[in-house]
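Step one of this worksheet: look at the structure below.
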Ligand code: OAD
């Protein structure tokens, strides 16, 4: 164990309430691409304004629909990696362990976490862009060139994810702020810390007296705030932490 692992062990051992904020990096080892990693990140290959904004959807609903259906298929094929499984184990270890995620996949659920706050929605849920009516995806719609039409108003159906320029679900954001305000230690795993308001949660935790532990192979804007940083992949590092909270 290196010095940082010892420092994290010490923080976790003395923490009664632990929470975690995850980003795309936690799912990277499951084969789900991140957004901002050079070369492999989705935003290195695709234009977020065209694919992840209300304006992009209005301009070309079919393009956006086909892109999300391809991503959904990738998420469904993926399985939780050892990082997800370690976070599920942490929920069993720390009662009330809150898992706040920016991810729209369901890998935390499939790993076994039950107390999950999704800040950016779910790629497997759908609603009408015009009237908000929920929509159950049908098999044939997965390969359709255009989005389904809403049964209520005929508007275009879209994935229930948060796009650029849209606000986060208020109940999720409130739950996240409450969780980071109440914890003794916050793990910040696999996020670039560039997207607000999620990126503000570690600062809120810190101001409320929590210690912040960053797990990421790369430094980022949250690194300076962290009390301790573990540089590396979450699939390797999170399982290492399990044995040391006892
Ligand atoms: P990013 O793609 O911005 O950042 C991914 C982070 O994961 C980077 O800091 C990487 O260094 C790190 N990373 C890569 N591989 C890793 C691994 N194996 N283990 C641990 N960390 C690893 O993803 P997010 O921070 O989640 O929003 O992005 C935030 C939001 O921006 C997303 O939710 C999405 C995007 O636009 C919406 O879709 C609304």
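Bear in mind these aren't lab numbers, they're just calculated from the coordinates by the rules spelled out. All of these numbers come straight from a predicted model, not from anything done at the bench. Virtual Cβ from ideal backbone geometry, glycine too; neighbours counted across all protein chains shown.
Taking N as the number of residues in region 1-96, what is its alpha-carbon radius of gyration divided by 2.2 N^0.38 Å?
Values: Rg = 18.2 Å, N = 96, 2.2 N^0.38 = 12.5 Å.
Normalised by 2.2 N^0.38 Å, the Cα Rg of region 1-96 equals 1.46.
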Item to check | Angle between the chain longest axis and helix 3-13 axis [Cα atoms, degrees, rounded to 10] | outcome: 90
Next on the checklist: Taking every alpha carbon pair in region 2-242, what does the distance histogram look like in 10 angstrom bins from 0, in percent?
Outcome noted: 8, 32, 34, 18, 7, 1
Checklist entry - Given the options 198, 175, 58, which has the most mean-square fluctuation in a GNM of the chain, springs set between C-alpha atoms less than 10 angstrom apart? => result 58
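So what's the convex hull volume per residue for the Cα atoms of region 104-246, in Å³?
Details: hull volume 21.5 nm³, N = 143.
Expressed per residue, the convex hull around the Cα atoms of region 104-246 is 150 Å³.
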Next on the checklist: Quick check on the exposure proxy: order 107, 173 from fewest to most C-beta atoms within 10 angstrom.
Outcome noted: 173, 107
Checklist entry - For 5, 123, what ranking results if the residue with the fewest other Cβ atoms within 10 Å of its Cβ goes first? => result 5, 123
Item to check | Cα centroid of region 185-244 to Cα centroid of region 102-171, whole Å | outcome: 27
